[in-house]
Every structure is written in C-alpha cells, then in structure tokens.
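Everything on this sheet refers to the single structure shown next.
The values are calculated or read from the model by the stated rules, or taken from the named source; none is laboratory data. Since the structure is predicted, the reported quantities are computational estimates derived from the model, not experimental observations. Virtual Cβ from ideal backbone geometry, glycine too; neighbours counted across all protein chains shown. Heads up: the accessible areas ignore ligands, DNA and RNA and are worked out on the full protein's heavy atoms, side chains in. Shrake-Rupley method; radii C 1.70, N 1.55, O 1.52, S 1.80 Å.
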Amino acid sequence: MNPQNRIDKSSWKVIIPDVVKRRDQSVGHGFCNGHPVGSAHAMGGKEVAVWWPGNTPVLITSAKYKEARITYARGNAIAGVWSTGKGSKEGAIVWSFDKSGLMKDTDLHDPSRYTGSAAMATTGGVHVGSGDPKAKGKRWQDIKTVGLVWRDEANAVELPAPATVDVSVNGTDGESHVGAIDGGIAVVWRGEKS
C-alpha cells in the first residue's frame with residue numbers, strides 16, 4: 001500500500017499560533033496539557049520559552065533564572081535548560097502543573113556534582129538529560145558528559161556508560177531511555193527503574 005494513501009490529507013487542519021511579540025521566528029517542541037510548546041527568537045536575539053494555550057503566546061519563565069529554553073514537552077511537563085543570562089552557567093529545569101493548575105518550575109541541576117546540565121525529555125515524572133561532572137582533579141579535556149535520569153524532583157542518577165565516552169540522553173518512556181554515546185552510537189538503557 002502506498003504510504004500516502006494511509007492518511008487522508010483533507011482531514012488535517014493546519015494552525016499557525018500567534019506570533020510572539022518582538023520575535024520573528026518560532027518552533028514547536030511538543031505539547032503540554034494539550035497546548036503547543038516551543039521557543040521563539042528574533043534574528044540575533046535570545047531564545048525564549050513559550051507555549052500557546054488557545055493559540056495565544058505566553059512566555060514560560062523561571063522564578064529563579066533570567067533565561068530558559070525548551071527542549072521537549074509531553075503530557076503535563078516541559079523539559080528544558082535555564083541560563084544565568086551572562087556567562088555559560090546552565091542547568092536542567094522542568095516545568096509542570098501543581099494540583100491547583102498553576103505552572104511551576106523545578107531546578108533539577110545539582111551544582112555540587114555538575115558544572116552544567118540539561119533536561120532533554122520528560123514523561124510521567126521521569127526526566128532525562130545530561131550533565132558535565134565537576135573536574136575532581138582532571139583536566140577539562142578528560143571530563144566526559146554523563147547521562148542523567150531524575151525521578152520527580154529527586155537527585156540525578158547517572159546512567160551506566162564507559163568513562164571514556166560522552167553520553168547524551170534524548171528520550172524516555174519512563175522506564176527505558178534512549179540516546180547516544182560519542183555522538184554517533186545509539187544506546188538504549190533498559191533494566192531496573194532508574
């Protein structure tokens with residue numbers, strides 16, 4: 001069967017959400033509570049996190065950090081990265097809705113263990129990403145990025161991988177996690193709950 005015949009193109013409705021003020025480009029990264037979530041930026045300007053409830057843009061901010069960007073959204077949670085705005089300090093962050101229906105941000109970054117981190121995906125209270133461990137007497141060239149899993153707001157657990165490779169974790173179904181080592185070898189972590 002021809003793949004084009006499996007989907008009725010006439011059944012699709014295309015929606016372009018409203019433009020974010022002072023931004024000329026935007027991209028979607030997923031859905032949170034049924035609404036599109038993404039990022040927007042102006043030519044040469046900083047990226048901002050945004051979602052479009054009712055197709056109207058609303059900036060997603062952090063109570064603690066100046067800047068934030070979205071990496072993924074699914075269900076009732078949004079994964080991303082915060083930034084101090086100046087310099088290169090970045091850390092993993094997740095936005096979710098509390099019982100009253102308000103969006104709150106949770107800083108997942110552990111500065112005592114990592115110089116930087118990023119949350120790349122989230123589902124069902126499980127968040128995955130990567131972190132750059134503190135040097136502990138090593139040269140910066142010898143430090144390899146590690147894969148991280150957070151359950152709810154608990155401290156990160158490092159996924160097993162050889163210490164000689166960089167690890168990126170880009171997806172999860174809540175129990176298994178996917179990513180890559182050394183930027184080009186696909187990896188699936190399965191087993192006990194992380």
Lysines whose Cα lies under 21 Å from that of Lys134, excluding same-chain neighbours fewer than 8 positions away
Lys86, Lys89, Lys144
Can I get the semi-axes of the stretch 58-132's equivalent ellipsoid? Compute them from the C-alpha gyration tensor as square roots of 5 times the eigenvalues, in angstrom, largest first.
20, 14, 10
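Take the Cα gyration tensor of the stretch 149-189, multiply each eigenvalue by 5, square-root it, and list the three semi-axes largest first, rounded to whole angstrom.
After scaling each eigenvalue by five and taking roots: 19, 12, 7 Å.
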Stretch in the chain that is longest and holds no GluC sites (Glu not before Pro) that DSSP places in a loop and that have at most 16 other beta carbons within 10 Å
1-152
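Could you look at the chain and say what percent of its accessible area is carbon and sulfur, using a 1.4 Å probe and all protein chains?
Working: 6160 of 11760 Å².
Here carbon and sulfur together make up 52 percent of the probe-accessible area.
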I'm checking a number: the convex hull volume of the Cα atoms of the stretch 29-100, normalised per residue, in Å³. What is it?
95
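With viscosity set to 1.306 mPa s at 10 °C, what whole-number translational diffusion coefficient in µm²/s follows for the stretch 98-190 from Stokes-Einstein and a Kirkwood radius over Cα pairs?
115
Test of the criteria: in the stretch 64-114, which chymotrypsin sites (Phe, Trp or Tyr not before Pro) are in a DSSP loop and have at most 15 other Cβ atoms within 10 angstrom of their Cβ?
Counting only loop positions with at most 15 other Cβ atoms within 10 Å, none of the chymotrypsin sites (Phe, Trp or Tyr not before Pro) in the stretch 64-114 qualifies.
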Just in the stretch 1-86: which trypsin sites (Lys or Arg not before Pro) are loop by DSSP and have at most 15 other Cβ atoms within 10 Å?
Arg6, Lys13, Lys21, Arg22, Lys46, Lys64, Lys66, Lys86
Please state the Cα pair-distance histogram of the chain with 10 angstrom bins from zero: what percent is in each bin?
9, 32, 32, 20, 6, 1, 0
